[in-house]
């Protein structure tokens with residue numbers, strides 16, 4: 001695709017680290033490879049600020065972590081002195097700051113608002129102005145999120161596009177399970193059930209631990225990859241369930257690929273706030289049988305019985321039954337994993353995401 005080169009400015013107020021921040025940096029790096037100029041604006045204490053520099057994405061520290069006048073003025077000053085073609089906002093705080101800064105003289109970049117999660121948006125006049133007047137276009141990370149904005153908030157369908165996160169299909173591939181386990185210091189024998197997710201309550205780790213404790217296979221192990229605010233609570237729960245010898249929690253990992261390649265089953269039992277989770281897509285491309293829930297836009301990727309098993313949220317019993325089934329029926333797991341990989345390759349490649357976002361940015365910049 002041949003397009004005019006743009007200066008794309010991303011704003012992110014969040015201090016945390018997860019799929020949203022990873023998508024921003026992945027997309028930014030991809031647009032830079034296509035010849036666009038990209039700048040990230042974020043608070044200096046944000047995890048994404050440090051990660052951006054490590055990944056070669058230009059980042060500028062601004063005090064935009066809170067909704068206040070100093071944030072509006074700092075953003076306005078920077079944008080006035082560094083003209084942008086597109087302002088891509090990602091969280092509530094930075095979207096409000098960008099919208100208000102754009103009301104001041106000297107800032108003309110259209111706002112594209114990316115919605116990464118399924119948390120409801122308030123139905124009030126101010127928020128409607130933000131999404132329908134101050135914003136040129138809305139991007140959601142899944143079709144269900146798009147429908148939510150249309151049906152629950154009454155937003156214009158033509159102003160919203162679903163663009164699922166794209167994964168590097170040349171990198172996320174099935175691997176040598178024994179080799180991966182050996183390199184990571186994991187047992188080479190026995191089944192490993194795993195999850196890769198920020199340790200937040202709504203990711204469902206607590207239900208997964210209860211389900212794992214109830215499994216009939218005492219040789220199975222659980223791998224919980226990720227860090228986050230629930231770390232202490234989950235370590236305590238592991239101890240309470242007496243699972244210290246069977247549960248590994250290695251924390252945040254810069255490269256999750258070998259951890260995925262070491263697993264036999266991938267689980268994501270979220271009960272809120274999801275788009276189409278990146279780790280789920282990565283697990284699909286690594287040809288893992290998957291157990292998950294119908295939350296957010298997860299069903300954009302997983303169809304129950306075709307390329308994964310979908311269970312009721314907040315149900316340790318339903319999780320346990322699905323996991324037990326996969327451990328007892330390896331043929332089912334192989335079939336689900338094969339379809340998951342094929343669907344991942346077809347629908348969730350990195351270049352497809354970049355093509356769609358590039359078209360949206362160009363239309364917004366020149367519309």
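So that you can scan it fast, the table gives a plain yes or no per residue for (1) in the same structural domain as residue 338 (by TED's automatic domain parsing); (2) buried (at least 24 other Cβ atoms within 10 Å of the Cβ); (3) at pLDDT below 95; (4) part of a loop (DSSP other than H, G, I, E, B):
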site	(1), (2), (3), (4)
210	yes, no, no, no
222	yes, yes, no, no
228	yes, no, yes, yes
273	yes, no, yes, yes
283	yes, yes, no, no
Would you pick out the residues in the stretch 21-37 that are out of contact with any strand residue (DSSP E or B) (no Cβ under 7 Å at 6 or more places or on another chain), part of a helix (DSSP H, G or I) and touching a residue at least 12 places away in the same chain (Cβ under 8 Å)? 21, 22, 23, 25, 26, 27, 29, 30
Which residues, taken from the stretch 111-164, are touching a helix residue (DSSP H, G or I) at 6+ places or on another chain (Cβ under 6 Å), farther than 14 Å from residue 274 by Cβ and in a helix (DSSP H, G or I)? 130, 134, 150, 157
Among (1) buried (at least 19 other Cβ atoms within 10 Å of the Cβ); (2) outside any loop (DSSP other than H, G, I, E, B); (3) free of Cβ contacts under 8 Å to residues at least 60 places away in the same chain - the single one residue 80 does not satisfy: (1)
In the stretch 111-140, how many are under 22 Å from residue 164 (Cα atoms) and over 24 Å from the mean Cα position of the chain (by Cα)? 1
Considering only residues that are touching a strand residue (DSSP E or B) at 6+ places or on another chain (Cβ under 7 Å) and surrounded by 18 or more Cβ atoms within 10 Å (Cβ to Cβ), look in the stretch 168-190 and name the one that is modelled with the highest pLDDT. 186
Just checking, which of 67, 5, 47 is within 29 Å of residue 129 (Cα to Cα), surrounded by fewer than 21 Cβ atoms within 10 Å (Cβ to Cβ) and in contact (Cβ under 8 Å) with a residue 24 or more places away in the chain? 67
Which of the residues spanning the stretch 92-110 are assigned to a loop (DSSP other than H, G, I, E, B) and in contact with a strand residue (DSSP E or B) (Cβ under 8 Å, 6 or more places away or on another chain)? 102, 109, 110
Of everything in the stretch 306-320, what is closer than 23 Å to residue 286 by Cα and assigned to a helix (DSSP H, G or I)? Give them in sequence order. 319, 320
Would you point out which residue out of 72, 60 is touching a strand residue (DSSP E or B) at 6+ places or on another chain (Cβ under 7 Å), at pLDDT 95 or above, more than 22 Å from residue 360 (Cα to Cα) and surrounded by fewer than 21 Cβ atoms within 10 Å (Cβ to Cβ)? 60
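The values are calculated or read from the model by the stated rules, or taken from the named source; none is laboratory data. In this text the structure is predicted, and so the values were computed from the model without any measurement. Heads up, the Cβs are rebuilt from the backbone with ideal geometry, glycines too, and the neighbour counts pull from every protein chain shown.
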